[in-house]
Amino acid sequence: MMQRRLLLGFCLLMLGASLPATAVAAGEPLTVRVGVYENPPKIFTDELDDVAGFWPDILAFIAQQENWNIEYVHGSWTECLGMLASGEIDMMPDVAHTAERAALYQFPAESVYTSWSMVYVREDSAIQSVLDLEGKTLAVLKGSVNVEGPNGIKELVRAFNIQCAFNEVGSYGEVFTQVASGAVDAGVVSKDHGYQHSDEVGLVATPIIFQPSQLYFAFPRGASLTPSLIAATDRHVRNLKGDRNSIYYDPLQRWF
């Protein structure tokens, strides 16, 4: 009997040593570091200095169900992607899948949202088609899939043999600021940012609409938490999207 107890105790000790400390302590929340950049209404810092938007609402529900403590890490879009690649953060919302990104980050099976991109101009602008971008300067979000990705704006103008310049900035807010001030002729933003903020700065959408994208939570490749985080987010996102009465559709309506 004593030998069996000693053997059981040894096995439990070894099991505990092989698990993360967060998993050993019963009931202790798992801290999950999440990148946040400024892209309202999808994800942004509000006037109370809290992280708000569609993605944080979805993540808050998952975190509550999984006993996660979400620790937001702020940065620009490119800074957040850099932290994701290095494992400084555990997940990043609002990431479109591309082959290049799949080599750096791990994507789950379930997408969370679908978006596309648009070109915005001042009300007195004559830009109405891709051909009108000849010789113009466009403000764009540095590192965004709608700039560098397949079917992004650079590939679009190249396909039409259009010569134009790109001014890469750190946020969609800066894109709109540059267009509104006259520093550039046009700007590329996601449809959601455009719909939410174009009236505030007196800009209008052009018929130049391109690159529909499935958006995901993305995770660092090879990180110890990645498999369990992907399994949890996939399970919850699949269930939330499949239930028309779930909390998924409340923030969808609220923010978009």
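The values are calculated or read from the model by the stated rules, or taken from the named source; none is laboratory data. Bear in mind that the values here come from a model prediction, so they are computed numbers and not experimental data. Quick reminder, even Gly has a Cβ in these numbers, built from the backbone with ideal geometry, and neighbours come from all protein chains shown. Note: areas computed on protein heavy atoms with side chains; ligands, DNA, RNA excluded. Shrake-Rupley method; radii C 1.70, N 1.55, O 1.52, S 1.80 Å.
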Checklist entry - Could you give the length gained on full extension between residue 166 and residue 46, defined as 0.36 nm per residue of separation minus the Cα-Cα distance, in nm? => result 40.3 nm
Checklist entry - Of all DSSP beta bridges in the chain, what percent run antiparallel (nearest 5)? => result 55
Next on the checklist: With unit charges on the beta carbons (Lys and Arg positive, Asp and Glu negative) and the dipole taken about the Cα centre of the stretch 93-240, which residue among 98, 128, 196 sits farthest to the positive side?
Outcome noted: 98
Next on the checklist: Run lengths n ≥ 4 of DSSP H only: what is the helix-derived mean residue ellipticity at 222 nm for the chain, with -39500 (n - 2.57) per run over all residues, to the nearest 500?
Outcome noted: -12000 deg cm²/dmol
Next on the checklist: What distance in nm lies between label points placed 7 Å from Cα along the C-beta direction at residue 224 and residue 86?
Outcome noted: 2.0
Item to check | Degrees between helix 172-181 axis and first principal axis of the chain (Cα, 0 to 90, nearest 10) | outcome: 20
Checklist entry - Let a ≥ b ≥ c be the square roots of the eigenvalues of the Cα gyration tensor of the stretch 133-221; is it rounded (a/c under 1.5), or, if not, prolate (a/b larger than b/c) or oblate? => result oblate
Next on the checklist: At 1.4 Å probe size, with the rest of the protein present, what percent of the exposed accessible area of the chain is carbon and sulfur atoms?
Outcome noted: 53
Checklist entry - Among the lysines, which have Cα under 27 Å from the Cα of residue 154 when same-chain residues fewer than 8 positions away are ignored? => result 42, 136, 142, 191
Checklist outcome for this item: Expressed in nanometres to one decimal, the distance between label points 7 Å along Cα→Cβ at residue 28 and residue 204 is 6.0
Checklist outcome for this item: When the chain is treated as a Gaussian network with springs between alpha carbons less than 10 Å apart, the largest mean-square fluctuation among 128, 214, 106 is found at 128
Checklist outcome for this item: Here the net charge surrounding residue 163, from other residues whose Cβ is less than 10 Å away from its Cβ (Lys, Arg +1; Asp, Glu -1), is +1
Checklist entry - Ignoring ligands, DNA and RNA, what accessible area per residue does the chain give at 1.4 Å, in Å²? => result 50
Checklist entry - Which label belongs to the value computed from this structure, given these candidates for Rg/Rh (Cα atoms, Kirkwood Rh): [x] 1.01; [y] 1.09; [z] 0.95? => result [y]
Checklist entry - Roughly what angle does helix 226-242 make with the longest principal axis of the chain, taking Cα atoms, 0 to 90 degrees, to the nearest 10? => result 60
Item to check | Test item: Cα-centred dipole of the chain, Lys/Arg +1 and Asp/Glu -1 on Cβ, debye | outcome: 1160
Checklist outcome for this item: If R0 = 25 Å, then residue 109 and residue 246, at their Cβ-Cβ distance, give a FRET efficiency to the nearest 0.05 of 0.85
